[in-house]
Each structure stands twice: as C-alpha cells, then as structure tokens.
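Below: the structure, in structure tokens.
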Amino acid sequence: MVNKLPTVVQYVCLRCKGVLRKQRNRLVCGQCGASWDVKGSVPCFVKDAPYWGELPQEEMRTLINDAKKGYWKDALKTIPQEKREEIISCCSDETRGWWRYLLPGKDKGKVLDIGAGLGAITFSLANAGYEVVAIDSVIERATFLAIRRDQDRIRSVQTACASALELPFPEQSFDIVIMNGVLEWLGLSETSISPDKVQKRALQNIFNVLKPDGILYIAIENRISAIYFLGFKDPHSGLRFATLMPRKMADWYSRLRRRGGYKTYIYSKFGYQKMLQEAGFKEITFFLPLPSYRNFQVIVPMGRSKIAKYCFTHIWNMKRLRFLKMMVHFLKFLPIGFFLDYFAPDYSILAKK
Ligand SMILES: C[S@@+](CC[C@H](N)C(=O)[O-])C[C@H]1O[C@@H](n2cnc3c(N)ncnc32)[C@H](O)[C@@H]1O
Ligand SMILES: [Zn+2]
C-alpha cells in the first residue's frame with residue numbers, strides 16, 4: 001500500500017540520495033533499500049536526539065495526547081499558567097515570522113525551517129503563502145507540528161523529525177532556509193566532534209539544499225553582547241561570562257560548575273561572517289532585532305545610524321524596558337553605530353548563496 005504525505009519537497013535517502021517512497025508506515029529508498037519509520041504522519045530520520053523543550057518531556061507528551069484527543073489550541077489551555085503565555089507565543093505569534101519583510105523579491109518560495117520548535121514561524125510563513133518544510137530533531141516537537149498542520153488542514157506544511165546535520169532533501173530544493181535560535185544548540189546533537197565543526201557541517205548542508213541565490217536566515221545571540229560584560233547569564237549554558245572566555249576555558253568552567261562540557265557556541269559579528277563565508281555564502285547582511293530576536297518589535301539595519309537613532313527613540317517611549325532605557329542613556333555618550341555593530345544583544349542575519 002502506498003499512501004501520501006504532504007509533499008513540498010521530496011524526501012531522499014540519507015545514504016545514497018535515492019528518492020524515498022512511502023510504503024505502509026515506512027519511507028523506503030528505491031535505490032539502496034534503506035528505510036525510515038513514519039510515526040503517524042511524521043517521517044523520523046533521527047534516533048536518540050537530546051530532548052529540547054519549553055516544557056519538560058513528560059508534560060510535552062501529555063500535551064500531545066490531549067491535542068490528539070481534541071483540538072491542539074484547547075490542549076494549550078491545560079498548560080500550567082506560568083508557562084502558558086510563552087508556549088502560546090512559540091506556537092502562534094505571527095509576528096515572529098515578520099522578518100520575512102527583509103527578504104528581497106516578492107516571490108513566495110519553498111522554505112526549510114530547521115529546528116521549527118512549536119511552529120510560530122512555520123505557520124506564520126505558511127499563512128503568508130510560503131510552502132514550508134518544518135523539521136525538528138525532537139520527535140515530540142515534530143509530532144506537535146504535524147498535529148497542528150493536520151487539524152488545521154494546512155497542505156502547504158510538511159513536517160519531519162530530522163536534524164540539520166543530515167538533511168533528507170535533494171540539493172537545490174529551497175529558496176529560503178531558517179535557523180531561528182538553532183545554530184547555537186547544534187553542538188549538543190553531535191558531541192564526538194567540536195561544536196564549531198558540527199555547526200560548519202550544518203551550514204554546509206544548508207548551502208547544498210539551497211537553490212542558487214537562495215537565502216539563509218539566522219537569528220542568534222552575539223557572543224560579545226554588552227549584557228554579557230555586565231554579568232548577565234548566557235541563556236544557553238546558564239553561566240555568567242562563559243561566552244566571553246576562550247572556548248577551552250569556558251569548557252573547563254562549565255565542567256567545574258557541573259554542567260557538562262561547553263557546547264553551545266555563539267559568535268561575534270566577525271565570527272558569524274567568517275563561518276558563513278567559509279560555508280560558501282556570498283552576501284551577508286546583519287540586522288539588529290530589538291529588544292531580542294525572539295520577540296522583536298523592530299529590526300534595524302546595522303550601521304545606518306539614522307535608523308538606529310529612530311528606533312532607539314521608540315524604545316525610549318516603551319514601557320517595561322527599563323534596562324534598555326538605561327543602556328540608551330549610557331549609549332548617548334558613545335558613537336551608536338560602532339556600539340551596535342559590535343555589542344548588540346542579538347543579530348538577524350541574511351546570507352545569500
Ligand atoms: C530555541 S528552540 C527554537 C525553536 C524555533 N525555531 C523558534 O524560534 O521558536 C531550538 C530548536 O532547535 C531544535 N534543534 C536542536 N538541535 C537540532 C538539530 N540538530 N536539528 C534540528 N533541530 C534541532 C530543538 O529541538 C528546538 O526545537
Ligand atoms: Zn538509499
């Protein structure tokens with residue numbers, strides 16, 4: 001029996017790149033015979049990925065069971081109140097995908113959202129007319145995406161449990177690839193080599209699946225953000241000053257604090273630029289999402305001080321942003337362009353193939 005999965009892009013074999021066809025509950029390679037499980041409507045190309053989630057694994061599984069029994073949005077109502085707002089935002093905040101207005105051209109193409117999480121960006125882009133392949137290495141997250149997609153009858157979203165380190169897609173398949181808060185976590189997916197090598201491998205994979213002139217969108221923290229100098233914790237390792245240390249020292253410090261090795265590498269603007277150039281990307285443009293890439297209200301083109309000043313004036317008028325206001329006050333005495341370029345909290349990056 002052959003039955004169909006939503007197909008934006010055909011899956012190919014991770015071993016030989018042969019086309020995969022669905023046979024009962026497996027995807028089977030027509031060339032070498034290798035096969036992968038399909039659980040429900042989710043093809044699974046990953047085994048034993050470390051769990052990642054805003055909810056603990058057991059709570060996430062309960063959420064999935066509730067969503068399967070009823071409607072996914074109703075299931076969200078059962079989440080403990082202190083976490084509910086964040087989860088709803090990760091699922092449904094359309095504005096998380098509004099960086100798409102930075103993209104050149106008007107054509108709505110094929111998108112690969114890597115580490116799609118609970119789906120805010122995937123469904124924001126799908127609602128805007130893009131065709132989206134959403135992958136996540138955590139089966140619970142990929143399953144949740146599929147439940148949403150199926151219950152809302154959205155045909156332009158394809159989901160799979162797959163890793164950035166092994167992409168089951170043909171070369172030159174996508175117009176856009178997204179990694180929103182994902183590149184920094186990849187070092188945890190493959191611990192036998194150093195995190196920077198893992199990240200480089202993923203960028204190489206992405207380069208290969210992008211069409212000529214395709215665009216990679218990355219949103220991520222800045223290793224030398226001003227806030228880390230001020231003693232704020234790195235949100236990935238949970239350690240103060242770790243991002244600023246040489247990697248070996250950070251690794252040693254992280255072990256000393258009983259958090260395992262330091263694997264969640266983030267970089268400075270130069271670091272990202274170098275890494276992307278080494279992966280083959282040509283035009284690399286940096287933007288400043290404020291107050292952060294997760295919940296930006298504005299995205300400022302870097303180095304254009306007029307626009308930067310305009311946005312800072314806006315922040316000045318916002319409520320509940322006292323820390324940023326203090327920073328702005330401080331910043332008035334520094335050349336704003338220079339400061340933003342190097343010490344911004346986060347970057348949004350467009351890299352063209
Ligand atoms: C910080 S969350 C970001 C989720 C989503 N992009 C967003 O912006 O809401 C990081 C996501 O990356 C996923 N992830 C981690 N390692 C991955 C890998 N090797 N391949 C694919 N996804 C991965 C995690 O499961 C998690 O969903
Ligand atoms: Zn094969």
Check your understanding: Is it the case that Thr159 is touching a residue at least 24 places away in the same chain (Cβ under 8 Å), more than 25 Å from His236 (Cα to Cα), in contact with a helix residue (DSSP H, G or I) (Cβ under 6 Å, 6 or more places away or on another chain) and more than 8 Å from ligand 1 (Cβ to nearest atom)?
Key -> yes
Study note, to complete from the structure: Of the conditions (1) within 16 Å of ligand 1 (Cβ to nearest atom); (2) assigned to a loop (DSSP other than H, G, I, E, B); (3) surrounded by 14 or more Cβ atoms within 10 Å (Cβ to Cβ), the single one that Leu63 does not satisfy is (2)
Review point. Going through the range 239-271 one residue at a time, which ones are closer than 21 Å to Gly181 by Cβ, over 19 Å from the mean Cα position of the chain (by Cα) and assigned to a loop (DSSP other than H, G, I, E, B)?
Key: Leu239, Arg259, Gly260, Gly261, Tyr262
Exercise for review: Take the range 1-54 and flag every residue that is away from ligand 1 (no atom under 16 Å from the Cβ), of a type in the set (Ser, Thr, Tyr) and more than 19 Å from Val133 (Cα to Cα).
Suggested key: Ser35
Check your understanding: For Cys90, all conditions in the list (1) out of contact with any Ser or Thr (no Cβ under 8 Å at 6 or more places or on another chain); (2) surrounded by fewer than 16 Cβ atoms within 10 Å (Cβ to Cβ) hold save one; what is the number of the exception?
Key -> (2)
Practice item. Scan the range 248-282 for residues that are surrounded by fewer than 16 Cβ atoms within 10 Å (Cβ to Cβ), among the charged types (D, E, K, R) and either in contact (Cβ under 8 Å) with a residue 40 or more places away in the chain or closer than 30 Å to Gly214 by Cα (or both) and jot them down. Key: Lys274, Glu278, Lys282
Practice item. Kindly indicate whether any position in the range 9-19 is within 16 Å of ligand 2 (Cβ to nearest atom), assigned to a strand (DSSP E or B) and in contact (Cβ under 8 Å) with a residue 24 or more places away in the chain. Key: yes
Review point. When residues of the range 20-32 are filtered for being surrounded by fewer than 13 Cβ atoms within 10 Å (Cβ to Cβ) and within 14 Å of ligand 2 (Cβ to nearest atom), how many remain?
Key: 2
Exercise for review: Could you give me the residue pairs with C-beta distances under 7 Å whose first residue belongs to the range 34-47 and is within 15 Å of ligand 2 (Cβ to nearest atom) and at pLDDT 95 or above, whose second residue is assigned to a strand (DSSP E or B) and of a type in the set (Asp, Glu) wherever it lies, and which are 6+ apart or on separate chains?
Suggested key: Phe45/Glu166
Check your understanding: within 19 Å of Ile349 (Cα to Cα), in contact (Cβ under 8 Å) with a residue 24 or more places away in the chain and either more than 16 Å from ligand 2 (Cβ to nearest atom) or outside the structural domain of Ala164 (by TED's automatic domain parsing) (or both), is that true of Asp213?
Key -> yes
Practice item. Could you run through the range 108-125 and say how many residues are over 20 Å from Ile206 (Cα atoms) and surrounded by fewer than 24 Cβ atoms within 10 Å (Cβ to Cβ)? Key: 2
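To keep it simple, each residue is scored yes or no on (1) over 13 Å from the mean Cα position of the chain (by Cα); (2) among the polar types (S, T, N, Q); (3) within 16 Å of ligand 2 (Cβ to nearest atom).
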{"site": "Val111", "(1), (2), (3)": "no, no, no"}
{"site": "Gly129", "(1), (2), (3)": "yes, no, no"}
{"site": "Leu145", "(1), (2), (3)": "yes, no, no"}
{"site": "Asp152", "(1), (2), (3)": "yes, no, no"}
{"site": "Thr159", "(1), (2), (3)": "yes, yes, no"}
{"site": "Asn180", "(1), (2), (3)": "no, yes, no"}
{"site": "Asp196", "(1), (2), (3)": "yes, no, no"}
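The values are calculated or read from the model by the stated rules, or taken from the named source; none is laboratory data. Keep in mind that this is a model prediction, so the values were computed, not measured. Every residue, glycine as well, gets a Cβ built from its backbone with ideal geometry; the counts of neighbours run over all protein chains shown.
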